[in-house]
Amino acid sequence: ATNDDEFSEVFQNWLFSQFTSSAKKDVKDLIESGRSKTIEFEERLIPDSESKEATKIQIAQHISAFANTAGGHVIIGVDKDGQINGIEQDFKTVTTGQEGFQKQLEDALNKHLGETFASQKTDLSLETVGAKSVCLIEVAPSDEPIYIDGDEFYIRDGDSTKQLGSRDAEKYIKKQFR
């Protein structure tokens, strides 16, 4: 019976390590594959140089574009070239560290995308890649058009986020959301 217990413990530890390492590997793989129709990078949530709200809106635009196209991932803490800088500086900027970071991000998504969409179609997780923390936002494709602040419509076009004017948005919506 002791061998069975030892085997069971070793097997459970192995399974857990496979599960946790595969999640980290996935984020690293996403970063290594680079920006694409389904992957976007943002360096910071709260940059030093730009207005804090502008960056949050930009992240919401990417999320909206992914939802309106085919789903995707926004990774905060990675520059446009795929260099992992981490979000530790953002943790220092907010008073409650990681918790405050997540709260600010969730509040921004609720404000710009709506609480129902943000809670049902996005999944936020803080991941560690090497010695750096990044925020992975997984976005599910939406079955209805998603607007920023109720009137701006975005899609993914190759590796960029593109705003559509009202006429183009109307055509896209008719085709995409039948």
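The values are calculated or read from the model by the stated rules, or taken from the named source; none is laboratory data. Predicted model, so just to flag it, every value in this text is computed and none were measured. Reconstructed Cβ throughout: ideal geometry from the backbone, glycine too, with neighbour counts over all protein chains shown. Surface accessibility is based on the protein's heavy atoms, side chains included, excluding ligands, DNA and RNA. Shrake-Rupley method; radii C 1.70, N 1.55, O 1.52, S 1.80 Å.
Would you mind working out the magnitude of the charge dipole of the chain relative to its Cα centre, with +1 at each Lys and Arg C-beta and -1 at each Asp and Glu C-beta, to the nearest 20 Debye?
Roughly 740 debye for the chain.
When only C-alpha pairs under 8 Å and at least 6 residues apart count, what is the relative contact order of the chain, in percent? The partial results should precede the final answer.
Values: 276 pairs, mean separation 45.6, N = 178.
Reported relative contact order: 26 percent.
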Query raised in the report: Over the chain, what per residue volume does the convex hull of the Cα atoms give, in whole Å³?
Result: 152
Report summary line: SASA check, Tyr147, accessible area w/ 1.4 Å probe, all protein chains in place, rounded to nearest 10 Å², comes out at 80
Query raised in the report: Check Ile39: other-chain or 5+ apart residues with amide H under 5 Å from its amide H, H built from backbone geometry?
Result: His73
Report summary line: Flagged as over-length at 31 Å C-alpha distance, from Lys103/Lys162; Lys103/Lys175; Lys37/Lys174; Lys28/Lys162; Lys103/Lys132, the pairs are Lys103/Lys175
Requested in this report: At 0.36 nm per residue, minus the direct Cα-Cα distance, what do Phe177 and Gln89 gain on full extension? Give it in nm, one decimal, please.
Outcome: 27.7 nm
Requested in this report: May I ask you to derive the FRET efficiency for Gln98 and Glu170 from their Cβ-Cβ distance with R0 = 30 Å, giving the value to the nearest 0.05?
Outcome: 0.15
Query raised in the report: Can you work out ³J(HN,Hα) from phi for every residue in region 125-142, in order, using Karplus 6.51 cos²θ - 1.76 cosθ + 1.60 and θ = phi - 60°, giving whole Hz and x for Gly and Pro?
Result: 8, 9, 10, 10, 10, x, 9, 10, 8, 10, 10, 9, 10, 8, 10, 7, x, 8
Requested in this report: Go ahead and run the numbers for FRET between Lys111 and Asp5, Cβ-Cβ distance against an R0 of 45 Å, rounding to 0.05.
Outcome: 0.30
Query raised in the report: How much accessible area per residue does the chain have, in Å², with a 1.4 Å probe?
Result: 58
Query raised in the report: Which value in Å is the Kirkwood Rh of region 74-117 over different Cα pairs?
Result: 11.6
Requested in this report: Give the calculated FRET efficiency between Asp151 and Asp81 to the nearest 0.05, with a Förster radius of 22 Å applied to their Cβ-Cβ distance.
Outcome: 0.10
Query raised in the report: HN-Hα J couplings of region 67-81 from phi, Karplus 6.51/-1.76/1.60, θ = phi - 60°, integer Hz, Gly and Pro as x?
Result: 4, 7, 10, 9, x, x, 9, 10, 10, 8, x, 10, 7, 4, 8
Query raised in the report: If contacts are Cα pairs under 8 angstrom and at least 6 residues apart, what is the relative contact order of region 104-178 in percent?
Result: 21
